[in-house]
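In what follows, a structure is listed as C-alpha cells, so that the remarks can point back to it.
The values are calculated or read from the model by the stated rules, or taken from the named source; none is laboratory data. These numbers come from a predicted model, not from an experiment. When we count neighbours, we look across all protein chains shown, and the Cβ atoms used for this are built from the backbone with ideal geometry, even at glycine.
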Amino acid sequence: MTDNAIDTLYAGRYLRLCKRGSWEFAERTNPQGAVVIVAITPGDRVLMVEQYRIPIQSRTLEFPAGLVGDQQDFADESWRESAQRELLEETGWSAERIDSIMSGPSSAGMTTEMMHFVRASGLRQVNAGGGDPSENIIVHEVPRATIAQFVAAKMAAGYAIDPKVYAGIYFLDFDAAGKPHSA
C-alpha cells in the first residue's frame, strides 16, 4: 500500500512543490485545472496562438488555453466559463457553445493538473484578441486544410510546439472515442 500523505516542500503564489512518499511533483494552487480550446471559425480556419514562454525561453505555438479559476475574480467559474473567457481574451473570438471533448492529466508524472479539452462552436469575432497585458499573444487563423503544414513550418522555424497541438488537430475531426465529429 502506498502512503497517500502529501508533504509541501515549497508553496508559491501559483504552484506548490509536493512530495508523496519518495515522489516529488508540482501542484497548482487552483485545483480546477486548465482548458484547451479547439475552435474553428465560420471560414473554416483553426484558431491558434503564439507566445513567448518564460520557463522554456522560447516562442510556442498552442491552441488557446488557460487556467480555470486562476484569478480571484474567476475563482468560482466552471471549465466552460473559463474556456469562453480564455477564447475571447486570447483570440478575440466568442463562442455560442462550449462542449467537453475529454479530460486528462497534463503530465501525470510531474503534476496533478488536469486538462479539459473543449470544442468551441458558433464563433463570432468580437475583437483582435492578444491576451491580457502580460501575455503578448499573436493570434493565427490557419486554414483547416493546411494546419499540419503550418505547425511543421513553425517547428522548422524553431518554435516549441506544445504536444497538445497534435491532440487538438485530431479533435478537429474526431471525438475522444474516435468517432467523426459532425459540425
Identify all residues within segment 11-24 that are at pLDDT 90 or above and within 15 Å of M110 (Cα to Cα); write none if there are none.
R16, L17, C18, K19, R20, G21, S22, W23, E24
Segment 153-183, subset within 13 Å of M48 (Cβ to Cβ) and small (G, A, S), residue surrounded by the most Cβ atoms within 10 Å (Cβ to Cβ):
G168
Just a yes or no: is a residue in segment 50-70 buried (at least 18 other Cβ atoms within 10 Å of the Cβ), part of a loop (DSSP other than H, G, I, E, B), at pLDDT 90 or above and not assigned by TED's automatic domain parsing to the domain that holds R20?
yes
Of the numbered conditions (1) more than 28 Å from K179 (Cα to Cα); (2) at pLDDT below 95, G92 fails exactly one; give the number of that condition.
(2)
Would you say K164 is in contact with a strand residue (DSSP E or B) (Cβ under 8 Å, 6 or more places away or on another chain) and within 12 Å of I37 (Cα to Cα)?
yes
Check on G12, free of Cβ contacts under 8 Å to residues at least 40 places away in the same chain and under 30 Å from F150 (Cβ atoms):
no
The strands (runs of 3 or more DSSP E) lying wholly within segment 73-183 that contain at least 2 residues that are closer than 21 Å to G43 by Cα, among the acidic types (D, E) and in contact (Cβ under 8 Å) with a residue 12 or more places away in the chain are 93-105
